[in-house]
Every structure is written in C-alpha cells, then in structure tokens.
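Peer 1: Take a look at this one; I'll ask things after.
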Amino acid sequence: MDLSFILAEPSGGGSALDALGINGLAFISQLISFIIVLVLLGKFVIPRILQTLDKRQAVIREGIENAEKARQDLADATARAEQLITNASRQAQVIIDRATKNAEQIARQIEEEAHVRAEQINQQQIARIQQEVNRARQELSREVVNLSIEVASKVISRSMNTKDNRRFVEEFVATSDYARNN
C-alpha cells in the first residue's frame, strides 16, 4: 500500500485533509455535532437507559427471589400437607381400632347375655319339667293310693275303715317315694 499521498504536499497549497478528499470545515462541524450529541446522550439518554436497565434488573431479581420464596413456600406447604395426612391417617387408624374393640366388646357382651338368657330359659324349662314330674308323681301316688285302697278293701274286707286304709297306703307310698328319690 502506498501512503505517499498522505505525506505528499497538496498540489494546490491545501491541507492534508483536502488531499484525502475531506472537507475540513464540514469535518469540524460534524465532529462538534457528534460531541454535542455524545454529551446530550451521556447526560440525558444513557442515564435513563441505565436507570431502565437497573429497574428491569431489580424486577427480574425480585421475580427470581419471589419464585424462590414461592418454591420454598410450596415445599413447606407440601411438607405440612403430608404431616396433616399422616396425622389424619394415624387418627383414623386409632378410631378404627377403637371401633373394632368396641364392636368386639359389644359382641362378647351380646354373646354372654345370650348364654345367660339361654341358661335362664334352660333352668325355667327344667323347673317346669320338674314341676310336671312332681305333679305327675303326686297324681300317680294318688292313683296308686286309690287303687291300693280299692284292692285292699276287696282283699281285707271291712275290718279296717276307709280312713285307716288310706293312711296306711299313703305311708307306704311316701316311704317308697323316699326310697326311690334317695
């Protein structure tokens, strides 16, 4: 590359900028305009842009912090919900166990009452049967006495009266009943 045109003197007695094809006055005015725009941008626009960027950065940081806090709150809520579910399960199991024990106790009580009632009915039936047996024995004893009196009166003839015969037979039956029962 040939840089001689920069070092060479302008032919028309102009400056080096003229040799490069740059208008010096336009260059200086554009340079001054650029510096003014740069100062205005630096003084008014760039601080607002930086302020907007700082606000956005703060909003983003706050959003990240809120998201982290929400994630932590969700984890805490999940842990509390799991604890509540665990406690509810334990309480439900305790209630179920208690209800089962109560049901078993009531079933045993009903069974015992049924056994007692059955035993009472059985005792009542035995007593009723015993009463019937005693009544039948008494009736049988009367029949035996009556038959014995009839037979004895025919056999003995009239030597004893009816009252003596009855007493004799009743004593006989009573001693025979006593011997049978013992």
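The values are calculated or read from the model by the stated rules, or taken from the named source; none is laboratory data. All values derive from a computational prediction rather than experimental measurement. A quick note on method: Cβ atoms are made from the backbone with ideal geometry, for glycine too, and the neighbour counts reach across all protein chains shown.
Residue-wise test of (1) among the aliphatic types (A, V, I, L, M); (2) modelled with pLDDT under 90.
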{"residue": "Leu20", "(1), (2)": "yes, yes"}
{"residue": "Gly24", "(1), (2)": "no, yes"}
{"residue": "Ser29", "(1), (2)": "no, no"}
{"residue": "Arg56", "(1), (2)": "no, no"}
{"residue": "Val59", "(1), (2)": "yes, no"}
{"residue": "Leu84", "(1), (2)": "yes, no"}
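Peer 1: Out of all the residues in segment 132-154, is one or more modelled with pLDDT under 95 and surrounded by fewer than 10 Cβ atoms within 10 Å (Cβ to Cβ)?
Peer 2: Scanning segment 132-154 turns up at least one residue that is modelled with pLDDT under 95 and surrounded by fewer than 10 Cβ atoms within 10 Å (Cβ to Cβ).
Peer 1: Could you pull out the residue among Asn134, Asn102 that is polar (S, T, N, Q), part of a helix (DSSP H, G or I) and farther than 30 Å from Asp177 by Cα?
Peer 2: Among Asn134, Asn102, only Asn102 is polar (S, T, N, Q), part of a helix (DSSP H, G or I) and farther than 30 Å from Asp177 by Cα.
Peer 1: If we scan segment 115-134, do we find a residue that is charged (D, E, K, R) and within 30 Å of Ala174 (Cβ to Cβ)?
Peer 2: Narrowing segment 115-134 to residues charged (D, E, K, R): 117, 119, 128, 132.
This time we only want the ones that are within 30 Å of Ala174 (Cβ to Cβ), so: 128, 132.
Yes, because at least one residue in segment 115-134 is charged (D, E, K, R) and within 30 Å of Ala174 (Cβ to Cβ).
Results for (1) within 54 Å of the chain's Cα centre (by Cα); (2) modelled with pLDDT under 95; (3) assigned to a helix (DSSP H, G or I), shown as yes or no for each residue.
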site	(1), (2), (3)
Phe34	no, no, yes
Gly42	no, yes, yes
Val45	no, yes, yes
Ile49	no, yes, yes
Glu65	yes, no, yes
